[in-house]
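Since every read-out is calculated from the coordinates, none of them should be taken as a lab result. Quantities reported herein were computed from a predicted structural model and do not represent experimental measurements. Glycine also receives a Cβ, built like all others from the backbone with ideal geometry; neighbour counts cover every protein chain displayed.
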Amino acid sequence: MVSHRRTKQPSRARVTILTAAAATAVALSAQTAASAAPATTTKQAKAEVDADRTAATAASEKYDGAQAQQQALQHKVNILQDEIARQQAVINTETTTLGAVASAQYREGSVDPTVKLMLSADPTEYLNQASSEAQVDSNQAALIAALEAQQHALAAEKAQAAQELQAQQALLKQMQQAKADIAAKLKHAQGILDRLTPAQQQQVNAPSGGGGYTPPSSGSSYMSVSQIDLSGISSAARTAMLAAMSKVNVAPYVPSGAGPNSFDCSGLVMWAYGKAGIQLPHYSYSDEHVGTAVSYSDLKVGDIIVNMGGDHVGLYAGKGMLLSAPRPGLTVDIQPLSYFGTIVAIRRF
């Protein structure tokens, strides 16, 4: 006879011991895997984050440029649409006039001119009427010619408006792509930061030294605003510098920011010189052509400096320093010119 003995269940204490042992094994395995995989150093993390933020800055300027072009095109399209509406109104008026003349001629033309002369009680009156009808024919020809010219002009304006709208749509796509690029780069940078300790994050977010410069221990800026000498510069440059100086270590970099509480690089320059009554484009590449060109040997405080291949712009602060909105993760700051690469243009107001 087969025995159906019930299997003995492990005690609760034994289960607890086994579970703890399994957890320890998993932890040891994880530690082994972690030690096997090389950890990202703070230096590597900083390089990656800086690269992402620099790319985001470049994408922000592309967005600004496309936006400026799109706004200019929108203005042009608005003018064209107003002109199209005006031309259409003229054509409608001329068409109505021609219709009235044609109807009158049709009614008058139902009687043969010879019969009109024969039946006329006063031949002189008929001749005067005939002369008037000839004049109407001449006016009608002029109206037809004017109508045709208006229709050709209208067709050309409609075609131009269609081209401008198509270009505008292309620019909007560029803006959307630039926005997506900015978001992707900043998300990647934030992902790196999230894996670091607070102390490491502080090191990664610290300004990068360039050309032998080292950030001071007292703050993020290499130079305080009190060290900027505003003597010997134009009133416009002085006004712009005072405005920009008020944002140092205060206003954060924000892509496409144009103030007063956040900025990107060209937004800061535009806002600062706007305080002096000078309208500048919100685009670093366009800043290469504003004001008057000056040489590096003649640099003065307040001069607009475009660098990083055109992707960055700031205001010269003196002593080899640039006041600018440098990149995401930093506020408006004063840093060495050498940090921003080759100078593309220096412009002055």
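Per the Debye formula with a single identical scatterer at each Cα and no solvent contribution, what log10 I(q)/I(0) holds for segment 292-339 at q = 0.21 Å⁻¹? Results for segment 292-339 at q = 0.21 Å⁻¹ read -0.69.
Take the Cα of Ser235, step 7 Å toward its Cβ, do the same at Lys173, and the gap between the two points is 4.9 nm.
Evaluating 6.51 cos²θ - 1.76 cosθ + 1.60 at θ = phi - 60° for every residue in segment 87-92, the Karplus couplings come out as 4, 5, 5, 4, 4, 4 Hz, glycine and proline recorded as x. Counting neighbouring Cβ atoms within 10 Å and putting the fewest first, the residues Glu148, Glu48 line up as Glu148, Glu48.
Return His289, His188, His282 ranked ascending by Cβ neighbour count within 10 Å, so the fewest neighbours appear first.
Fewest to most other Cβ atoms nearby, the residues stand as His289, His188, His282.
Give the shape of segment 214-348 as rounded, prolate or oblate, defined through the alpha-carbon gyration tensor: a ≥ b ≥ c are the square roots of its eigenvalues, a/c under 1.5 means rounded, and otherwise the shape is prolate if a/b is larger than b/c and oblate if not. Note, shape of segment 214-348 comes out rounded. The lysines whose alpha-carbon is closer than 23 Å to the alpha-carbon of Lys62, local same-chain residues fewer than 8 away aside, are Lys76, Lys173, Lys179, Lys185, Lys187. Normalised by the number of residues in segment 214-348, the average gap of Cα pairs under 8 Å and 6 or more apart makes the relative contact order 28 percent.
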